[in-house]
1. Computed FRET efficiency, Cβ-Cβ of I133 and Y228, R0 51 Å: what is it to the nearest 0.05?
2. From the backbone phi of segment 379-385, what are the Karplus-calculated ³J(HN,Hα) couplings (6.51 cos²θ - 1.76 cosθ + 1.60, θ = phi - 60°) in whole Hz, Gly and Pro given as x?
3. Relative to the present Cα-Cα distance, how much length would full extension add between S256 and E309 at 0.36 nm per residue of separation?
4. Tell me, how many Å apart are the Cα centres for segment 347-389 and for segment 289-346?
5. Just list whichever of K118/K383; K234/K373; K118/K197 have alpha carbons separated by over 26 Å in the model shown.
6. Testing the spin-label approximation: label points 7 Å from Cα along Cα→Cβ at K23 and D60. State their distance in nm.
7. Sticking with the crude label model, points 7 Å out along Cα→Cβ, report the distance from D363 to A345 in nm, one decimal please.
8. How large is Rg over Rh for the chain, taking Rg from the Cα atoms and Rh as the Kirkwood inverse mean of 1/r across Cα pairs?
Amino acid sequence: MSYCGDAIDDARGKHLSPIDPIKLSQDLIRCPSITPQNAGALEVLEHALTSLGFACERFDFEGICNLYAKKGSGSPHLCFAGHTDVVPLGDAALWTHPPFQGDIHDGQLWGRGAADMKCAIAAFVSALAQHTIFQGTVSLLITGDEEGEALHGTQRVLPLLAGRGDIPDLCLIGEPTCDLKIGDTLKIGRRGSITGKLTCYGKQGHIAYPQNTDNPIPRMIACLKTLYSHSFDKGTDLFEPTRFEVTSVDVGNTASNIIPHKIEARFGIRLNTLQKTEEICQLLRTICSNEGGDHDLTLTTHGNAFLTEDREKVSLIQKAVQTVTGSLPALNTTGGTTDGRFINAYCPVVECGMTEETMHQVDEHVSLEDIRKLTDIYAAILKNFFDKGHA
Ligand SMILES: [Zn+2]
């Protein structure tokens with residue numbers, strides 16, 4: 001495949017990119033890069049970026065592939081961050097369009113990763129090809145480990161880049177952010193996350209002789225009731241209240257006359273900027289110690305909440321989007337965690353990508369019109385950022 005070529009103008013004088021964002025999206029979707037597989041996805045990107053004069057560098061750890069591509073030097077420095085790995089298919093038989101074929105049908109591009117977030121990467125690369133002259137640095141930090149544990153991706157590359165002074169002034173993340181229309185919403189922060197497993201132990205026995213048993217189920221119910229009714233906070237202007245949610249409660253008891261010896265529950269907490277993961281973990285430990293009896297509690301933290309405070313840069317992105325869509329995008333912090341939780345420790349982060357509707361679903365798809373519009377939005381962001389020299 002070749003994406004090389006000179007930028008051309010169409011009959012109406014509109015500047016066209018030599019890289020077609022739809023064709024590049026298809027090529028990326030055709031790589032079955034379910035985490036931790038790369039399946040050629042980063043090579044497709046490297047090929048396109050090299051043709052635009054980017055220097056590409058790979059940071060591969062523990063079988064996970066990561067790409068850092070850079071063009072230009074000095075300030076201002078804009079970095080686009082994203083991931084080429086995708087979530088699994090779910091029930092493969094339910095897909096009506098093959099997930100890794102990149103079919104175009106009814107004005108939509110179908111395939112796993114279309115919304116989250118291969119088309120956004122393709123749109124940014126296509127926008128770069130339109131914006132060939134700029135003063136400063138553009139880079140792309142693309143990981144193959146965002147949808148999984150995210151241990152060997154962005155989190156590991158950033159300190160290496162920081163060690164050599166390669167930290168941008170602003171990071172634009174291409175995760176899906178839009179609600180109904182492309183460009184209607186930016187994310188300027190994300191909630192933090194904790195997941196956990198609580199196991200309560202007792203003594204198995206006959207239901208008719210409870211005096212000889214110790215049923216762990218009431219203790220589990222007491223723990224979950226206290227956690228569900230706990231009011232962590234009321235949220236903030238930009239964040240929903242911190243919430244506890246149970247995802248599974250399992251006894252695995254097939255008999256109706258046996259008191260089981262253990263019960264397990266899995267849960268998650270999404271927290272806002274009023275909370276810290278370590279303090280919530282301590283609260284969970286205290287509640288489970290008070291009410292859980294003999295128990296094990298395993299907690300995994302996935303980062304604190306963050307909010308981008310640099311409103312000047314947020315406004316720069318908002319205004320760029322407005323030049324394409326005609327309206328100023330809303331700002332929010334909803335949704336799952338992203339690599340923004342790692343990047344915000346180094347520089348301001350704004351997320352702007354596709355619509356969220358079909359991400360992670362069977363028959364994930366985006367419209368061709370949205371891919372083109374997102375390309376225009378990214379081109380406008382590049383123009384605003386470099387014209388104003390935003391260091
Ligand atoms: Zn994503």
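1. Between I133 and Y228 the formula returns 0.35.
2. 4, 5, 5, 4, 5, 4, 5
3. Gain in length upon complete extension: 13.5 nm.
4. After rounding, the separation between the Cα centres reads 17 Å.
5. K234/K373; K118/K197
6. 2.8
7. Label-label distance for D363 and A345, simple model: 4.2 nm.
8. 1.05
The values are calculated or read from the model by the stated rules, or taken from the named source; none is laboratory data. A quick note: this is a predicted structure, and the numbers were derived from the prediction, not measured. No Cβ is skipped: glycine too gets one built from the backbone with ideal geometry, and neighbour counts run over all protein chains shown. Remember, those area values only see protein heavy atoms, side chains included, never the ligands or the DNA or RNA. Shrake-Rupley method; radii C 1.70, N 1.55, O 1.52, S 1.80 Å.
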